[in-house]
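Participant: Here it is, the structure, as structure tokens.
The values are calculated or read from the model by the stated rules, or taken from the named source; none is laboratory data. Remember, it's a predicted structure, so these values are computed and weren't measured experimentally. FYI the Cβ positions are ideal-geometry reconstructions off the backbone, even for glycines, and counts take in every protein chain you see.
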Number of protein chains: 2
Amino acid sequence: MDSLRIGIAGVGTVGACVAVKLLAEAVQGATIKRLAVRDINKDRGFSVPEAQWTQNTLELADADDVDVVVELIGGADGIALDLVRTALVNKKHVVTANKALLAKHGVELAELAENNNCILSYEAAVAGGIPVIKALSEGLAANNIYRINGILNGTCNFILTEMETKGAGYEETLHIAQELGYAEADPTFDVEGIDAAQKLSLLSAIAFGQKPNENDVTTRGISDVAAIDFEFAEGFGAVIRLIARAEKKIIEDASSISSSAGEIVQAVEPCLVRKSSVLSGISGVTNAVQFETDMVDVMLQGPGAGGEATASAVLADIADLNQFIKSGMQISPYVFGRSVSELVASQGETEVMPSQWYIRLNLKDAPGSMAKVTSILAEHNVSIEEAVQRGPQNGEDRRPVVFITHKCEKSAIKNALEALEAIDVIAKDVNYMPVI
Amino acid sequence: MDSLRIGIAGVGTVGACVAVKLLAEAVQGATIKRLAVRDINKDRGFSVPEAQWTQNTLELADADDVDVVVELIGGADGIALDLVRTALVNKKHVVTANKALLAKHGVELAELAENNNCILSYEAAVAGGIPVIKALSEGLAANNIYRINGILNGTCNFILTEMETKGAGYEETLHIAQELGYAEADPTFDVEGIDAAQKLSLLSAIAFGQKPNENDVTTRGISDVAAIDFEFAEGFGAVIRLIARAEKKIIEDASSISSSAGEIVQAVEPCLVRKSSVLSGISGVTNAVQFETDMVDVMLQGPGAGGEATASAVLADIADLNQFIKSGMQISPYVFGRSVSELVASQGETEVMPSQWYIRLNLKDAPGSMAKVTSILAEHNVSIEEAVQRGPQNGEDRRPVVFITHKCEKSAIKNALEALEAIDVIAKDVNYMPVI
């Protein structure tokens, strides 16, 4: 085959950038044959000679003159799912930037790719323009991955670093992010950690051979993080970031510590990140992914979103496909690095590994409050490494107090917090985060 | 072919790690058939069933039961060169960690690989365990690369960050690095920037399509950096790092700024790195590479040396080869991303791009010294943005003074310094660095 014939579905910011770069021969030998859009009459500022425009998206999956369908529509279901399914059944390769689709239907689609000997690639679905999928699946091909730590959502990272530098509150900063176009009108998907969880589930699948499923990820968003948490964090030499973590749960027994045994733990939650960690330096909309392995720890950082960054990853996938197909390679259609039949079943949500915890409470200004709190913590086997108490805030009748605990299970923290919330010395606005 | 048959030449720290991991099936289907070592009787703590050990390295290039020669001997010439040449002529693939070899003989070896339809891969030759070659050549395949900034030598970065944190001098810190095993007994190759220049020339070849040649890289080592430079740097909100830079020289004229025209500029030299740059946060023996492109800027960081890190990259190359060969792919034997016939000729050393400069002088404590200096700088069109003068150091009759210049050509700085050194107000120990 001389030329890789491309059909692009969805010509928004990313799709337009992909099209313009392909027209400029960013991938030698790849030509656009069809483009599917919602409004065929809209002027997009570029023309594609010899390509057909259509409003019937599924046409791309049937067209004889299309080898690769580039899905840039988005959404976990609906037309994106129909298109990718049909394209694979019709033995067309698929390049997609759609994390929601893969986090929900990845197993089914990977099976379709295998059965039809097609490639389904998705570099753009995780961490935008940073080639993390390639680094993980090829650059660290021979490594045993122990842990992934990522800052996978630019919206949350922007909000948290703005709160940090401006001393502002969450709601106020969210509005700024919305005005700047870094957060959607309905920001739920980003700020509640769902987007990061979807991306993490894809990295986990490749790293640990588990069926991707966003529901396996313990997910907590950033809306409980308050301006005062940054002040306390600074005092502990730390910052606050929404960290996506996945690791093999280490089974400790008397005789050995095994890292190959055990289940996979996946979590997305705000964390206190010590400034000694490279992730603490990741600011604004930047994304970063750190891989800890048996041979090497590496980190990649760059823009996690934006038209050009996402297009860069889509085009890299197209360039790979172009290379494969030109060379007549018998394709390895393993979407998550191995056959779906070898992927371990989704395990459901699992408890995160024990860690140190940051707990912030608001104590009512009454005698004996602190004694009551510390005794309840002790009852739940939560032992305290550091405690900091502040004076009453803004004339209110409450005092913020923060504890850094020794290493313990999250369940102990949650049980202790539940018990604390039931007693009368705690005011509202409790927050807790693991320390990493 | 069911199994990829490997011959390893050189079983030191890296070779042993590669062997042990291959024995543990880190790359499924790859088996070690032969190992070439200097001393066949040495106990290496592992055995390789069914493999032959030999002291005749060239045997690997002739053996019928070897598909891939893994060259871990090192050195730009000698047996490493003989082995790689012979292996390619005999149509065997080669994986090497040898930057010196490729920076000197890369063009010849790339031609041999092309003519014999073999792969010559070298992920481990640049930035150790960080998959930078893959990120650049595949992950950014469709990108137009504008600039590469790298911290490519762990020895220098360790020395510079030690000097920074301890306030110690260069010689003293070099000894510490030697004691810790981070610097060789003869440290020239590392501290004079030669190692970094070799690595940079390989990245430049891929990024800009130029024949790799370490002699094209303007190279200056770190031995002129003094403890006091770090104090001044701190005052300017900066640190000092040995930065390897390659970029397209932008041709500015009245009508346009073109980044595709112009020659490639390559330099390795100590730089004042502002703390706003992500490279300023890279400490110790860590390496980092930043790629600035038309679509995305990304940075990768991790260990640049060490047995396991280097082995990780060697094994990734072996895994890629395994994948290619299993799939019956018509191999693309382009060592630097395109045919050697398409590579632009080596251009010789070119002047680095204009930048701001840090200049440190020691003024003799005499009336009018500062006036003489500033007028000579002005005569050479070096205009000053900031100047800081300190009192006499340690009772000596000299005062360190530092200038941060406005943007200007390096030639202007060098001419000005030459003129300054000829006048009687300047004591020894002059230093200058670009500000990035």
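Participant: Go through segment B:156-196 and give me each residue that's of a type outside the set (A, V, I, L, M, F, W, C), under 25 Å from residue B:232 (Cβ atoms) and in contact with a Lys or Arg (Cβ under 9 Å, 6 or more places away or on another chain).
Facilitator: Passing the criteria: B:157, B:161, B:172, B:173, B:192, B:193.
Participant: In addition: Would you please name the residue that is modelled with the lowest pLDDT, looking only at residues in segment A:310-324 that are aliphatic (A, V, I, L, M) and under 15 Å from residue A:134 (Cβ atoms)? Break it down into steps so the answer makes sense when it comes.
Facilitator: Pass one, segment A:310-324, residues aliphatic (A, V, I, L, M): A:311, A:313-316, A:318-319, A:321.
Adding the requirement that they be under 15 Å from residue A:134 (Cβ atoms) leaves A:313-316, A:318-319, A:321.
Values: A:313: 97, A:314: 97, A:315: 97, A:316: 96, A:318: 97, A:319: 95, A:321: 92.
This residue is A:321.
Participant: Let me ask you something else. I need every pair where a residue in segment B:304-327 that is at the interface with chain A (Cβ under 7 Å from one of its Cβ atoms) has its Cβ under 6 Å from the Cβ of a residue that is of a type in the set (D, E, K, R) and assigned to a helix (DSSP H, G or I), sequence separation at least 6 or different chains.
Facilitator: Matching pairs, first to second residue: B:315/B:21; B:316/B:123.
Participant: Here is a follow-up. List the number of the failed condition for residue A:67; all other conditions in (1) touching a His at 6+ places or on another chain (Cβ under 8 Å); (2) free of Cβ contacts under 8 Å to residues at least 40 places away in the same chain hold.
Facilitator: Failing condition for residue A:67: (2).
Participant: Which one is nearest to the other protein chains (Cβ to nearest Cβ), of the residues in segment A:116-135 that are part of a loop (DSSP other than H, G, I, E, B) and among the aliphatic types (A, V, I, L, M)? Give the derivation first.
Facilitator: Here is the first cut: in segment A:116-135, the ones part of a loop (DSSP other than H, G, I, E, B) are A:116-119, A:122, A:126-131.
Next, from what is left, pick out any that are among the aliphatic types (A, V, I, L, M): A:119, A:126-127, A:130.
Numbers: A:119: 12, A:126: 12, A:127: 9, A:130: 5 Å.
Among residues in segment A:116-135 that are part of a loop (DSSP other than H, G, I, E, B) and among the aliphatic types (A, V, I, L, M), the one nearest to the other protein chains (Cβ to nearest Cβ) is A:130.
Participant: For segment B:334-348, state whether one or more residues are buried (at least 23 other Cβ atoms within 10 Å of the Cβ), of a type in the set (A, V, I, L, M), more than 14 Å from every other protein chain (Cβ to nearest Cβ) and in a loop (DSSP other than H, G, I, E, B). Please lay out each step first, then the result.
Facilitator: Taking segment B:334-348 as the starting set, the residues that turn out to be buried (at least 23 other Cβ atoms within 10 Å of the Cβ) are B:335-336.
Next, from what is left, pick out any that are of a type in the set (A, V, I, L, M): B:335.
Now drop any that are not more than 14 Å from every other protein chain (Cβ to nearest Cβ), which leaves B:335.
Next cut, in a loop (DSSP other than H, G, I, E, B) only: B:335.
Yes, the conditions are met somewhere in segment B:334-348.
Participant: Find all pairs meeting these conditions: Cβ atoms under 7 angstrom apart; at least six residues apart or on different chains; first residue within segment B:355-376 and touching a residue at least 60 places away in the same chain (Cβ under 8 Å) and farther than 19 Å from residue B:411 by Cβ; second residue of a type in the set (Ser, Thr, Tyr) and not in a strand (DSSP E or B).
Facilitator: B:363/B:369
Participant: Got a sec? Which of A:430, A:388 is surrounded by 14 or more Cβ atoms within 10 Å (Cβ to Cβ), touching a Pro at 6+ places or on another chain (Cβ under 9 Å) and not in a loop (DSSP other than H, G, I, E, B)?
Facilitator: Working: A:430 fails: touching a Pro at 6+ places or on another chain (Cβ under 9 Å).
After applying the criteria, what remains is A:388.
Participant: With respect to the numbered conditions (1) touching a Leu at 6+ places or on another chain (Cβ under 6 Å); (2) of a type in the set (A, V, I, L, M, F, W, C); (3) under 18 Å from residue B:274 (Cα atoms), which one is the sole condition not fulfilled by residue B:243?
Facilitator: (1)
Participant: Let me ask you something else. Only one of these is crowded, with 18+ Cβ neighbours inside 10 Å, touching a helix residue (DSSP H, G or I) at 6+ places or on another chain (Cβ under 9 Å) and assigned to a loop (DSSP other than H, G, I, E, B): B:57, B:155. Name it. Outline the logic, then answer.
Facilitator: Values: B:155 fails: assigned to a loop (DSSP other than H, G, I, E, B).
B:57 is the lone residue from the list that is crowded, with 18+ Cβ neighbours inside 10 Å, touching a helix residue (DSSP H, G or I) at 6+ places or on another chain (Cβ under 9 Å) and assigned to a loop (DSSP other than H, G, I, E, B).
This table checks each residue for (1) of a type in the set (S, T, N, Q); (2) buried (at least 21 other Cβ atoms within 10 Å of the Cβ).
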| residue | (1), (2) |
| --- | --- |
| B:118 | no, yes |
| B:125 | no, yes |
| B:148 | no, yes |
| B:151 | no, yes |
| B:182 | no, yes |
| B:185 | no, no |
| B:192 | no, no |
| B:201 | yes, yes |
| B:217 | no, yes |
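Participant: Shifting gears a bit: Tell me, which residue of segment B:136-151 that is among the aliphatic types (A, V, I, L, M) and in a strand (DSSP E or B) is farthest from residue B:244 (Cα to Cα)?
Facilitator: By that ranking, first place goes to B:145.
Participant: From the list B:127, B:142, which residue is of a type outside the set (Val, Ile, Thr) and within 22 Å of residue B:197 (Cβ to Cβ)? Don't jump to the end; show me each part of the working.
Facilitator: Details: B:142 fails: within 22 Å of residue B:197 (Cβ to Cβ).
Sole residue among the options that is of a type outside the set (Val, Ile, Thr) and within 22 Å of residue B:197 (Cβ to Cβ): B:127.
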